[in-house]
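Single-structure report; data block below.
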Ligand code: AKB
């Protein structure tokens, strides 16, 4: 029998595509989407959808009981740029929601948990290039501090209570179906929309700011394959480094120019530059590759082609 899955934060950038991918795999009725707000038409109509607040334990527990949930994917979070503006709100959302889900698993009301971490767990004292799985981690953002604390709690609940929790340190994720909101890597999505709409983009990061990034299809495949891996292969219970591409605004613009030669870019760095400067420029993900056979498929040029044709199809 297929597992019953609850996706919290299903209407966000990752949640939307994850919900549709899991519904395709496990059957629409077995994947319950919930969020604090409504999402797109396809997500809302293709299977069960409930309004729920990730920080409200009773609401989440009620859904777990009502739908006899086995696995939870907790995708609700406040991202790096927004959390700098609302530090206490960011901390409460990111931490309370995680404790609710970990406690449901500790009490055996659910059996498996996916929780997203981020490259934001690293900080200025971390080795910047090819950042190892285990290294110095002194994050300087609210979001990064919450993700790092969350990782520690995931490992603690696994060791102490046997909770089957699995996690990935996502790089910046690039997709055309649902817009990201409040992240430092969002420029790499906005740039494609603006290239098609106006032929020009003003980047809030400097031209040579290199960050780890990934096309959403790869991220979804990684997430599902980590969750499907036999428990004994999942050796890291804090969170796995995951890598695909590293690029700067300048190289991304050049790849767009292969399709739209007249595209222009200018640079006007804001407070997000300091956040980006504190993160790695590339990540060593050999643990994920060795433990559960992770392999990315999209390079920069393939991703650019896919983004431009996807935006035209969905948004124009
Ligand atoms: C952000 O920019 O805050 C996120 C992330 C890297 O976790 N996309």
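Coordinate-derived values only; no laboratory data. Just so it is clear, the structure is predicted and the values come from calculations on it, not from any experiment. For neighbour counting, all protein chains shown are included, and Cβ atoms are generated from backbone atoms with ideal geometry for every residue, glycine included.
Things worth noting here:
- At q = 0.25 Å⁻¹, base-10 log of I(q)/I(0) for segment 80-152 (Debye sum, equal scatterers on each alpha carbon): -1.07
- Modelled label positions at residue 299 and residue 99, each set 7 Å beyond Cα in the direction of Cβ, lie 4.7 nm from each other.
- For the pair residue 36 and residue 1, the difference between a 0.36 nm per residue extended length and the Cα-Cα distance amounts to 9.7 nm.
- Fraction of C-alpha pairs exceeding 18 angstrom in segment 266-314: 64 percent, rounded to a whole number.
- Cα convex hull volume per residue for segment 63-120 (Å³): 80
- The convex hull built on the alpha-carbon positions of segment 1-154 has an orientation-averaged projected area of 9.7 nm².
- In this calculation the C-beta distance from residue 44 to residue 250 is compared with R0 = 51 Å, giving a FRET efficiency of 0.85.
- By other beta-carbon atoms within 10 Å, ranking 255, 243, 286 with the fewest at the front produces 286, 255, 243.
- For the chain, the relative contact order is 18 percent, taking Cα pairs closer than 8 Å that sit 6 or more residues apart in sequence and dividing their mean separation by the residue count.
- For a label point 7 Å along the Cα-to-beta-carbon line of residue 86, residues of segment 22-63 with backbone N under 15 Å: 36-38, 53-56
- Exposure proxy ranking for 11, 34, based on other Cβ atoms within 10 angstrom of each Cβ and starting from the fewest, stands as 11, 34.
- Proxy reagent accessibility, fewest Cβ within 10 Å first, across 170, 156, 143, 67: 156, 67, 170, 143
- Panel note: the C-alpha atoms of the chain, placed on their principal axes, show extents of 56, 44, 38 Å (largest first).
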